[in-house]
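> Okay, here's the structure, questions in a sec.
The values are calculated or read from the model by the stated rules, or taken from the named source; none is laboratory data. The structure displayed is predicted, hence computed values, not measured ones. A quick note on method: Cβ atoms are made from the backbone with ideal geometry, for glycine too, and the neighbour counts reach across all protein chains shown. SASA here: full protein model, heavy atoms, side chains in, ligands and nucleic acids out. Shrake-Rupley method; radii C 1.70, N 1.55, O 1.52, S 1.80 Å.
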Amino acid sequence: MSRCPPMPRIGKAFSPAIGGRGASASWAPPPGPSVPLVSDISGDDFSAFAAGQALRLPGAGHSLLHYQDRGRGPAVLLGHAYLGDSSVWEPQIQALSRQYRVIAPDLWGHGASGPLPFNTQRLEDLAEQMLELMEALDIPEFAVVGLSAGNLWGTELALRAPDRVRALVMMGPCPAARRDKASLRYLGMLDSAETEGRVTPDLARAIVPLFCRQGTEPATPQGSELARALAAMPADRLRDSVVPLGRILFGRIDGPDRLARLDPATTLLLYGEADALCPHPEMQRMAALIGCEAVQVPGAGHLSGMDRPEFVNRCLLQWLERTLR
């Protein structure tokens, strides 16, 4: 098991203004509002936060995909966990945007993005949409950093466009899909949320320990915040977007040969020491299957970038320096 060697402590973070390289591309945006719906911020205002940007992607109907676009330099695409949004990446965005252009979208039905497009029915559709996002932003090459379910479309994207995805970091990656008790349990949770039209307190108590460090209960501040966010989800968002998207992510079935096709030289696994979803033996088997390096994040749960941001940031900066520079 690899360990990230010590690096200087990251000091006060800042968020570079949006913009970045404008490499020419043959892809032409379709007619209509398919450009960022926010004015560009010029100059060197490093306090600027590129909020409220959205794109209407080809084939996505009227749904707008919201994303953050911060920093300049080689591009890094971040994929957040299911039931979260791009704000979960804030510690990483602050650190990475010093040297990289960071693109952090909200999944459909999550954060500020619109509902799940009716023709989005497979993992391949999500990967293709993220590729369309990068094409619309004129970004020909980039690294992908996925968290939890963000690894599912991130891995698919790396396999579909290996000439464009120069590096892949899998944080808290879901084990190779199979019809086991865990997957059936997750699908049962989706059925319950759809039937009730809400995340009930009992369902929240079952979900919170999956995302937080082992031993975290809904009564703790971290657990309470997640439980409140789940309870506040509108019924239409749950039924039209969150539940169908969950079935796409957790209902897929693929074999270990899919992971074995990844490039071990450009793939890194990061997982929390106290991650209930990604136990150490399973992560070691996954790393061996890919042939890549694996780093355990001490004391972290499933959301390791929030639990141990400085450790995770050091690992990401070192890996990106090795693979993107």
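> Of all the residues that make up the stretch 261-284, how many are of a type in the set (A, V, I, L, M) and either over 28 Å from LEU317 (Cβ atoms) or in contact with a strand residue (DSSP E or B) (Cβ under 7 Å, 6 or more places away or on another chain) (or both)?
Total satisfying the criteria: 5.
> Right, here's the next one. Going through the stretch 282-308 one residue at a time, which ones are assigned to a helix (DSSP H, G or I) and either surrounded by fewer than 19 Cβ atoms within 10 Å (Cβ to Cβ) or hydroxyl-bearing (Ser, Thr, Tyr) (or both)?
Passing the criteria: GLU282, GLN284, ARG285, ALA288, LEU289, SER304.
> Sort through ASP240, ASP263, ASP275, ASP236 and tell me the only one that's charged (D, E, K, R) and surrounded by 21 or more Cβ atoms within 10 Å (Cβ to Cβ).
The unique qualifying residue is ASP275.
> Within the stretch 116-133, which residues are touching a helix residue (DSSP H, G or I) at 6+ places or on another chain (Cβ under 9 Å) and either open to solvent by less than 10 Å² (accessible area, probe 1.4 Å) or not in a helix (DSSP H, G or I) (or both)?
Scanning the stretch 116-133 gives LEU116, PRO117, ASN119, THR120, GLN121, ARG122, LEU126, ALA127, MET130.
> Further, regarding this structure: Among the residues of the stretch 309-321, count how many are surrounded by fewer than 16 Cβ atoms within 10 Å (Cβ to Cβ) and either touching a residue at least 60 places away in the same chain (Cβ under 8 Å) or in contact with a helix residue (DSSP H, G or I) (Cβ under 7 Å, 6 or more places away or on another chain) (or both).
Within the stretch 309-321, residues that are surrounded by fewer than 16 Cβ atoms within 10 Å (Cβ to Cβ) and either touching a residue at least 60 places away in the same chain (Cβ under 8 Å) or in contact with a helix residue (DSSP H, G or I) (Cβ under 7 Å, 6 or more places away or on another chain) (or both) number 2.
> Shifting gears a bit: State the number of residues belonging to the stretch 200-218 that are under 12 Å from ARG228 (Cα atoms) and modelled with pLDDT under 75.
1
> Output yes when any residue across the stretch 244-266 is in a strand (DSSP E or B) and over 18 Å from THR155 (Cα atoms), and no when none is.
no
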